[in-house]
Amino acid sequence: MKSALSILVTSMLFFGLMPFAFPGESAVAAQAPDSSNVRSLAESQHEIVMLLLKKDAYEQALVEANKLFEMKWPEDQEPVLLKEALYFAGQFLRGNKASMSLSLLENSAKHFKKPSSLAAIWKEKGYVYKQMNQDEKALECFKEAQRLETTGTK
Amino acid sequence: MNCEQCADDLTAYLDGELTPRRAAEIRAHLNECGSCASEMRGLADSAAFLESNTKEIPLRPEIWNNVKAQVSTMVAAQPAGFFSFWLWRWPRVATTVLATASVLVLGVWGYLNYEESQENLRHYMNEYVTARDAQLQKQGMANALASASSNAGVGIKFERMDNPFAEPLTDTYHNPFRSEDE
């Protein structure tokens, strides 16, 4: 089991470093983001984060998860990215790492443009604050989410 | 007694308003002081002149009737008793009452509005929290099931419980970037 995991992690790191080994290709990718390439990298990145979470390496997992949002994402991938942000937020919360969950949500929010996505992030932040028994802050987050949903503006 | 003190009380002396003792003092001074005696004589002459030339002027009846008519109009216009107080001040009282009522109504309306919006917000929050709790619980169960099946080496197929539209997964957990996971 351990060897399988180490092979998986090594291969992921290898493929993850490929763009740096071949800068010409990565430059092309940066200019015109290809959804399938980014998704492929993100899939690996997701697995890395999940492995780190399983090993309770939350801080490292947070770093890796943040990298996922900093990839050159096409705009049409925002719903998938949002799903991922909420999923990881839930995972951190389950590991009693509410502050990390908030950090992840705040970092990921920088990469969302749609008011509906931002509203979802605010709601999740509110949920995390609610779990931390900080009801006032939770209400403030939900208020902002409600505003975004009703006005449709940032 | 000096001249200044005497001059102060000279008019009162002439009118007979001083105490006998004070009057005797004034009299003694007037006997000694020619200047004050002269002053006293001037005052006495003036008083005598006024008294001899004063006569009552009869009030013309039309003036008196006019005054009476005006007074009676004012008295008739002002209701007696408790109501007069309010009636004469009603514009100011009404303005004050209206202003107070407006402030009160606005305050109550603002408070109720705020309470309602807070209640809506709490409801909005509770709805999300309940749904999210259930979702995370299902997610946890799905993860546990995936982990158990993976550890047992059994390819148990199960539906992704957090997304009813997702394709069935074989042995792994949620990964939104996997093509069959969308």
*For the cross-link pairs A:Lys72/A:Lys130; A:Lys67/A:Lys130; A:Lys55/A:Lys83, which exceed 30 Å when the distance is taken from alpha carbon to alpha carbon?*
A:Lys72/A:Lys130
*When the solvent-accessible surface of protein heavy atoms is calculated with a 1.4 angstrom probe, in what order do B:Val97, A:Val38 fall, highest first?*
B:Val97, A:Val38
*asked:* At a 10 angstrom cut-off on C-beta neighbours, averaged per residue, how do the peptides B:133-144, A:83-94 rank from highest to lowest?
replied: A:83-94, B:133-144
*What's the percent breakdown of Cα-Cα distances in the stretch B:6-140 across 5 Å bins, shortest bin first?*
2, 7, 7, 6, 5, 4, 4, 5, 5, 6, 6, 5, 5, 4, 4, 3, 3, 3, 3, 2, 3, 2, 2, 2, 1, 0
_Quick check on the stretch B:1-63: what does the Kirkwood estimate of hydrodynamic radius come out to from the alpha carbon pairs, in Å?_
13.4 Å
_Protein accessible surface hidden between B and A, which excludes ligands and nucleic acids, total in Å², probe 1.4 Å_ = 2800 Å²
_Mean shadow area of the stretch A:32-154 over all directions, Cα convex hull, nm²_ = 7.1 nm²
*Can you give the average number of partner chain beta-carbon atoms within 10 Å of each beta-carbon in peptide A:73-80, as a whole number?*
1
*In nm, give the distance between the simple-model label positions of B:Leu59 and B:Ala12, each being 7 Å from the Cα along the Cα-to-Cβ direction.*
3.4 nm
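The values are calculated or read from the model by the stated rules, or taken from the named source; none is laboratory data. As the structure is a prediction and not an experimental result, all values here were calculated from the model. In this analysis, Cβ positions are derived from the backbone assuming ideal geometry, glycine residues included, and neighbour counts consider all displayed protein chains. Please note that ligands, DNA and RNA were not included when accessible areas were found on the heavy atoms of the full protein model with its side chains. Shrake-Rupley method; radii C 1.70, N 1.55, O 1.52, S 1.80 Å.
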